[in-house]
Amino acid sequence: MDAHERITRNTAEVVTEEEIETLADDPDGKRAYVGYEPSGVLHIGHMLTANKLIDLQEAGFEVTVLLADVHAYLNDKGSFAEIRSTAERMRDQFIAYGLDESNTQFVLGSDFQLDEDYTLDLHALELETTLARAERAMSEIKSGDSVKVSQAVYPLMQALDIPYLGVDLAVGGMEQRKVHMLARDVLPSIDREPPTSLHTPLIADLGTGRGKMSSSTGVTISMEDSREAIETKVNDAYCPPTADPDPTEEGVERENPVLQVFEYHVFPRFETVVVERPDEYGGDLEYEAYETLEADLESGELHPEDAKGALAAYLDRLIAPGREQLAE
Ligand SMILES: Nc1ncnc2c1ncn2[C@@H]1O[C@H](COP(=O)(O)OP(=O)(O)OP(=O)(O)O)[C@@H](O)[C@H]1O
Ligand SMILES: N[C@@H](Cc1ccc(O)cc1)C(=O)O
């Protein structure tokens, strides 16, 4: 697999294609980052962006993980002291999951976001941005119903983090795209380059296939789940054999989170995937590509229960090393 393929696999969008090609032509020593609001427990949604960081490291990039403590505070996620202590736990979880420690820089937002230069640049961006634009950028990120002033400052700080961290590439899930588009528009006003960004797909809630898997609502699988917990949650997961329109939103299809986890977590990390079945039901099935498994589920060749059994086993293999390391 060449660098471009590794960098762009399993992405929903890159901005822009030409800029990514330039980075992929000479990736050595280039820098990429993802920021996370510290929430204490790494879940398989977060791990999708972590997989992308691992891809980027393998392609030659240096990687920064921003533990965005000030952002979490501005987004009403708790007291500053609580957020700080969960940031430390999250760092250990990333390393346990497989980020190369010697090649990963962990930075706390508050280490640089409270400096005078940063603050003055932030105020310059505030002068350039309407409240309506900041609010739009936060539509899929903000917690709570109303937009507070702190949440209007939030996307401008996220934009400013990119030049202050000195990164060539900003990575995030699709819900971060409006912040990155805002960054492209406003950073030139303070003589900074418009940033290149890469967005990963969002994994839906495991129980319903709706919305985004999150640690605060719905059903999620985290780094701390036992094998039994994984089996129970996967067993109860939403997994229709064919696309199923969402009855609550006319015409909108729900995602199949079981297939999403196979596509974005299992197939990128295992050469072949074996679904074990008793001989009387046709015996084991072996897959080398995600698309074949998806087609078999759709045609009925693969039963959702068998797919779920295999998914729980592979997810446990992915999570177990980190879980064990954290327990030590
Ligand atoms: N369900 C998901 N699928 C894919 N990526 C996700 C998912 N949830 C979070 N991420 C990615 O992880 C990064 C950090 O997200 P964030 O800190 O908002 O996590 P969160 O789980 O949504 O937070 P919370 O649990 O408080 O709602 C973002 O780039 C985001 O796109
Ligand atoms: N906005 C990200 C967190 C973040 C904060 C600052 C950044 O520079 C980058 C990302 C989230 O939703 O979790």
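The values are calculated or read from the model by the stated rules, or taken from the named source; none is laboratory data. Because the structure is predicted, anything quoted here is derived from the model rather than measured. Cβ placement follows ideal geometry from the backbone for every residue including glycine, while neighbour counts extend to all protein chains displayed.
Quick one: ASP191 ticks every box in (1) at pLDDT 95 or above; (2) within 16 Å of ligand 1 (Cβ to nearest atom) except a single one, so which number is it?
It is condition (2) that ASP191 fails.
Within the stretch 47-75, take every residue that is closer than 21 Å to SER214 by Cα and not in a helix (DSSP H, G or I) and give me the one that is nearest to ligand 2 (Cβ to nearest atom).
So, considering only residues that are closer than 21 Å to SER214 by Cα and not in a helix (DSSP H, G or I), the one nearest to ligand 2 (Cβ to nearest atom) is ALA68.
Residue-by-condition table, conditions (1) closer than 19 Å to PHE106 by Cα; (2) more than 16 Å from ligand 2 (Cβ to nearest atom):
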position: THR16; (1), (2): no, yes
position: GLY29; (1), (2): yes, yes
position: TYR33; (1), (2): yes, no
position: TYR36; (1), (2): yes, no
position: GLY45; (1), (2): no, no
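Among what's in the stretch 118-177 and is acidic (Asp, Glu) and near ligand 2 (Cβ under 9 Å from one of its atoms), pick the residue that is farthest from PHE61 (Cα to Cα).
GLU140
Evaluate the following for GLY144: is it assigned to a loop (DSSP other than H, G, I, E, B), in the same structural domain as GLU37 (by TED's automatic domain parsing), within 16 Å of ligand 1 (Cβ to nearest atom) and not polar (S, T, N, Q)?
Here the answer is yes, as GLY144 does meet what is asked.
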